[in-house]
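Read the structure below first, then the notes.
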Amino acid sequence: MTRYLRTAAGIAVVIVLLFPLYWMVNASLQPAGSLLKPSPDWLPLDGTLDGYRSALSTQGGHLLASLAVAAGTVVVSLLIAMPAAYALAQLRFRGVQAFVFALLIVQMVPGPVMANSLYTLFSEFSLIDSYLGLVLADSTATIPFAVLVLRAFMLSIPRELSEAARVDGAGYWRVFSSIIVPVSRNAMVTAGLFSFLFAWADFLFAVTLTTGRAIEPITVGIYRFIGNQSADWNAVLATAVLASIPAAVLLVIAQRYVVAGVTGGALKD
Amino acid sequence: MRLGASRWAAWAFLAPALAYLVLFFGYPLVNNVSMSLREYSVRSFYTGEAPFTGLDNYAAVLGDPLFGTAVLNTAVFTVASIFFQFTIGLALAVFFSGRFPLSGLLRSLLLLPWLLPLVVSGAVWRWMLDQDHGVINAALRAVGLADGPTPWLTDPGWALPAVIIVNIWIGIPFNLVILHGGLRAIPSTLYEAAELDGAGAWQRFRHVTWPLLRPVTAVVLMLGLVYTIKVFDVIMVVTGGGPANATQTLTTWAYQLSFDGDFAFGQGAAVGNLLVLVATVFGLLYLRSARAQLREEQR
């Protein structure tokens, strides 16, 4: 009996903490006019998809821009992080500790410092307002994280496995590509998902390294949308719902990877 | 012989990451120090000239009345956020570590606020905190906790508490997940033994859970500190640092100096470097706790 009481209490906690998400969906479905009534409608009874139509027509391009940047970040991050993680987890050499410390330290550098400097660097190389620029900037956050997550996983691959292959005459690259990479598939999914989510959600680099003329990721789209004097809140919140889709999909489809990622990045307790 | 070969292979595999770190972290960090010592303005981008001015930017920043405000706001924002994120996260972790139907499902649903883009959370809360049409004021009125609408985002006295509340909400899931992982690592036999000795629920928490959770607690608090000090998106979207700089922190101020208005990149860099300094201090504390574990792995 008490078990069910706990379930009830747990559901109550979830309802309270997830209420803002309900409210986002609720408001996104209401006609613009009824959002300005003195007391709010608790259910979208006369719901409309107007907000979504308006969101897609004004913000659709921004969603695509974010998709491109996020996909690019995943590719760049994994290409650079996988070999590094392999070296740090499986090969013996001095400097492993120093390198891992460096990865932990750089994760602590405040974003505006990076944005400030990358802005001057990028303006020199014409990378402002470019997909490549945003991908490279977002990778500053995802690569250190991806290396740590992948390394934490690869530490659990027995070294005997790759050493046996070495004895049989396989080169390091061969060991990496035909043993380590296939075995690490789940960890790659975790690192890739988090890289995607980070780049998708990035606001700081998106707002500093673009001028809004050529490329504008969805986070900046929402920001400017709100800043707009006549903020159409149902359309703003419809955009917010659309921008939440990757996170929601991730949670439903890949939740065990999520927990692995949260703890892996924190350098397992 | 083998060892020598392996070392070369290791560096070859590390090379791309190393090059990336040097180019995209090493260079910016050095560049930021250099910028902070120069008068770097919009014009510098065209002329390429940024005259060396020594510590002028630091003097300007430290002498700015906004400096004190930003430091105080950063401190209040960080301490209050961490305290409530942690205590609520811990309470939920303890609650969800019991076995009951749907426990796992409910717990993973609670992750959602943490996975959402911060801009999305900020936008939602901004709408909920709206003075005239926000659901928070409507709810407070409905249950009789307030007679008039609270000007959450337009009154300098309310704005900081408002962004702190939003940030606490965002941070609870992270604390919950990591602490929950820590709780599960505590052997259940210890609880059984404590129970046999007649320890009540509070005593079991006080004498078993809390001491054994110490290492995880340290990690959570340090990471929380390092991340909270540099929070940017939430404040920008909810209040933009206003009203009247009531929610201006070192991070938003650094951004505004560089990009929003004056384009005083040198001063922005100076504030940024102060932030790096603070983050490094806490970062080193964190690393000290991580170090022991790293050694363990290396054996």
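The values are calculated or read from the model by the stated rules, or taken from the named source; none is laboratory data. Just so you know, these numbers come straight off a predicted model, no measurement behind them. Because the Cβ atoms are built from the backbone with ideal geometry, glycine has one as well, and the counts that use them run over all protein chains shown. Just so you know, the surface numbers come from the protein's heavy atoms only, side chains and all, with ligands and any DNA or RNA stripped out. Shrake-Rupley method; radii C 1.70, N 1.55, O 1.52, S 1.80 Å.
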Open item on the list: Through the Karplus equation 6.51 cos²θ - 1.76 cosθ + 1.60, θ set to phi - 60°, convert the phi angles of the range B:39-48 into ³J(HN,Hα) values in whole Hz; use x for Gly and Pro.
Closed with: 8, 10, 10, 4, 4, 4, 5, 8, 8, x
Open item on the list: Around B:Asn57, under 13 Å between beta carbons, what's the net of Lys plus Arg minus Asp minus Glu among the other residues?
Closed with: -3
Task: Cα pair distances exceeding 17 angstrom across the range A:120-189, given as percent - done: 58
Open item on the list: Quick one: 3J(HN,Hα) in Hz for the range B:75-87, Karplus 6.51/-1.76/1.60 with θ = phi - 60°, rounded, Gly and Pro as x.
Closed with: 5, 4, 4, 5, 5, 5, 4, 5, 4, 6, 4, 5, 5
Open item on the list: Can you list residues from other chains, or at least 5 along the same chain, whose modelled amide H is less than 5 Å from the amide H of B:Arg38?
Closed with: B:Thr53
Task: By accessible area with a 1.4 Å probe, ligands and nucleic acids excluded, highest first: order of B:Phe263, B:Phe205 - done: B:Phe263, B:Phe205
Task: Kirkwood-Stokes translational diffusion coefficient of the range A:1-115, alpha-carbon pairs, 10 °C, 1.306 mPa s, µm²/s - done: 79
Task: Largest-first principal axis extents of the Cα set of chain A (Å) - done: 75, 66, 29
- [ ] Could you run the Debye sum over the Cα atoms of the range B:7-70, one equal point scatterer each and no solvent, and tell me log10 of I(q)/I(0) at q = 0.16, 0.23, 0.24 Å⁻¹, two decimals?
- [x] -0.71, -0.98, -1.01
Open item on the list: Taking θ = phi - 60°, what integer Hz values does the Karplus form 6.51 cos²θ - 1.76 cosθ + 1.60 yield along the range B:131-138, in sequence order, with x for Gly and Pro?
Closed with: 4, 8, 10, x, 6, 5, 5, 4
TODO: Beyond 12 Å, what share of the Cα-Cα pairs of the range A:220-261 is found? Please give it as a whole percent.
DONE: 64
TODO: Using only the alpha-carbon atoms of the range B:205-255, report the extent along each of the three principal axes, biggest first, to the nearest angstrom.
DONE: 47, 17, 14
Open item on the list: Just want to confirm a number: the relative contact order over chain B, from Cα pairs under 8 angstrom separated by 6+ residues, in percent.
Closed with: 27
Open item on the list: Output needed: percent of Cα pairs per 20 Å distance bin for the protein assembly as shown, bins running from 0 to the one holding the longest distance.
Closed with: 19, 53, 26, 2, 0
Task: Stokes-Einstein D for chain B, Kirkwood Rh over Cα pairs, 4 °C, 1.567 mPa s (µm²/s) - done: 57
- [ ] Let me have the 222 nm mean residue ellipticity of chain A computed from DSSP H runs of 4+ only, each contributing -39500 (n - 2.57), with the sum over all residues rounded to the nearest 500.
- [x] -24500 deg cm²/dmol
Task: Furthest towards positive pole of dipole, B:Leu153, B:Leu112, B:Phe84, structure part the range B:81-204, Cβ charges - done: B:Leu112
Open item on the list: Is the C-alpha gyration tensor of the range B:14-171 telling us rounded, prolate or oblate? Criteria: a/c under 1.5 is rounded; beyond that, a/b larger than b/c is prolate, otherwise oblate.
Closed with: oblate
TODO: Can you give me the three principal axis dimensions of the range A:98-218 from its C-alpha atoms, in Å, biggest first?
DONE: 56, 28, 25
